[in-house]
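Input: a single structure, listed below in structure tokens.
The values are calculated or read from the model by the stated rules, or taken from the named source; none is laboratory data. The structure presented is a predicted model; accordingly, all values stated were derived computationally and were not measured. Note that we place each Cβ from the backbone using ideal geometry, even for glycine, and neighbour counts take in every protein chain shown. With ligands, DNA and RNA removed, areas are computed over all heavy atoms of the protein, side chains included. Shrake-Rupley method; radii C 1.70, N 1.55, O 1.52, S 1.80 Å.
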Amino acid sequence: MTIFTTKLLTIFVVVSIVLLSACSTPANNLVHTQALGAYLKDLFESHDITLDSSDFLGPVEEPYLAFAKMLNLIPSSEQGDKEITDEIAEQISEQFLSIKDYILLDGLYGKIDMHEHYRDDGDVEEFLSAAGCLGISKVLFVPTGLGPDNEGYEQHQESLIKHIKEEFPEKIIAFCTIDEADPRAAEIFEQCLKDGADGLKLIGGHTSFYDEPLNSENMYKVYQKASEYGVPILLHGSILTIRGLKEQLEKVYSDFPEVTFIHAHYSSTIMNGIHLDECAELLDKYPNLYIDLSMGGGIKRYHGYYKLKISIFVDFLVAYQNRILFGSDIILNTAKHKDFDWLYRRMKCDIDLHQQEYYDCSFGEEENPKPGFYLDEEVLRKLYYENPRKVLGY
Ligand SMILES: [Zn+2]
């Protein structure tokens, strides 16, 4: 044997040992994977949650995947055929088990919540998980400062549009806001739209924020931008408490028929009595007008009126079912009590109000059970999904 062949043999032996040791690595060091979609199906079905596409308000290809996204268990960009490791599966399972008992199985999944407020550093992830458990898959947030000049709104707006919306592009609908008295309002609004916003919220028209007529020359430049960009405007508009505001808004609604307006809180007509006739009059006169049913901090007042005669409200909602949106009007900020449980319970009051004949709610009026609207599924589908889509131009 020559020195050359001895060297070759040595190299062969060394390489063989390396290869053999690699092949004989114990099996438990190999990473086991499975398809995400199949895993989710097993996970939900093993907890008696069976789904098909008819459980969703909008079209979905993979119900189990869509459900997991709604619950915020996985990012919205995930695909069902993605291979996940056991470690990831474990994380999803743990997260699911921590919220399992909160999940409302009403078969109305994919609701769109059209009225919530955001202040910088509010825990959006927590909010989306709580909302997801109630079947809500999209949430409209409006950045909101402090009255009377919407002080600090720029910071909340920047954070919402540039960070939060970017992090959850499929789940967050983000509106801009402005200071109605600021001569640069139209310019600021346009820049905000260019940054990716979906519409405008006017806080002026709320008694704590009002200092500028909403039909001013300055504001007309703002509405003109909404018209150019084809985006909706949500506004508070206390027409029963601010003198002259109703006339101002009527002028705006009629001068911008191409712009969709959402006049929140039954157009602020459930105050000092039930004035739904005034709300109906506005809806009849202006086809570009929608309302929302959000109760916000006024929840006790609304409960008081619902208790008086719920059928007045139900008849109204059925009559105007094509023009109604849902939202809770929560201000998501860093207040410690607004944790998952609080957010969930507060939003559930609204869902139960719409869907139940009687329901318990620990906010507002203390007496339980409270009478609910008990709306038909057809009406609920419009309120939760079809009307928001029309307003947002989906
Ligand atoms: Zn609000």
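Can you tell me which residue is farthest from W342 (Cα to Cα) among those in region 273-326 that are among the charged types (D, E, K, R) and within 15 Å of the ligand (Cβ to nearest atom)? Here the residue is D292. Suppose we filter region 173-197 for residues that are more than 16 Å from the ligand (Cβ to nearest atom), among the charged types (D, E, K, R) and part of a loop (DSSP other than H, G, I, E, B); how many remain? Qualifying residue count, region 173-197: 4. Return a yes/no flag: does region 241-259 have any residue that is in the same structural domain as L383 (by TED's automatic domain parsing), among the basic types (K, R), without any contact (Cβ under 8 Å) to a residue 24 or more places away in the chain and open to solvent by 40 Å² or more (accessible area, probe 1.4 Å). Yes. In region 171-198, the residues that are on the phi > 0 side of the Ramachandran plot reach residues that are assigned to a helix (DSSP H, G or I) with C-beta atoms within less than 9 angstrom, at least six apart or across chains, in these pairs: G196/I161; G196/K162; G196/K165; G196/E166. Listed by first and then second residue, the pairs with beta-carbon distance under 6 Å, at least 6 apart or on different chains, first residue in region 118-130 and open to solvent by less than 10 Å² (accessible area, probe 1.4 Å), second aromatic (F, W, Y), are Y118/F141; A130/F340; A130/Y344.
Where residues in region 199-213 are in contact with a helix residue (DSSP H, G or I) (Cβ under 7 Å, 6 or more places away or on another chain) and within 16 Å of the ligand (Cβ to nearest atom), which of them is nearest to G230 (Cα to Cα)? Restricting to residues being in contact with a helix residue (DSSP H, G or I) (Cβ under 7 Å, 6 or more places away or on another chain) and within 16 Å of the ligand (Cβ to nearest atom), the top hit is L200. Considering K336, K390, K348, K300, the condition of being charged (D, E, K, R) and in a loop (DSSP other than H, G, I, E, B) is satisfied by K336 alone. Only residues that are open to solvent by less than 70 Å² (accessible area, probe 1.4 Å) and either of a type in the set (D, E) or at pLDDT below 95 (or both): list them for region 91-106, please. Selection gives D106 alone. Scanning region 250-272 for residues that are away from the ligand (no atom under 16 Å from the Cβ) and at pLDDT 95 or above yields E250, K251, V252, Y253, S254, D255, F256, P257, E258, V259, T260.
Looking only at residues in region 327-377 that are of a type in the set (A, V, I, L, M, F, W, C) and over 20 Å from the mean Cα position of the chain (by Cα), which one is farthest from the ligand (Cβ to nearest atom)?
Once the filter is applied, the top-ranked residue is L375.
Out of the residues in region 139-164 that are part of a helix (DSSP H, G or I) and open to solvent by 40 Å² or more (accessible area, probe 1.4 Å), which is farthest from E126 (Cα to Cα)? Out of the qualifying residues, it is E154. Tallying residues that are within 24 Å of C176 (Cβ to Cβ) and surrounded by fewer than 18 Cβ atoms within 10 Å (Cβ to Cβ) within region 260-281 yields 0.
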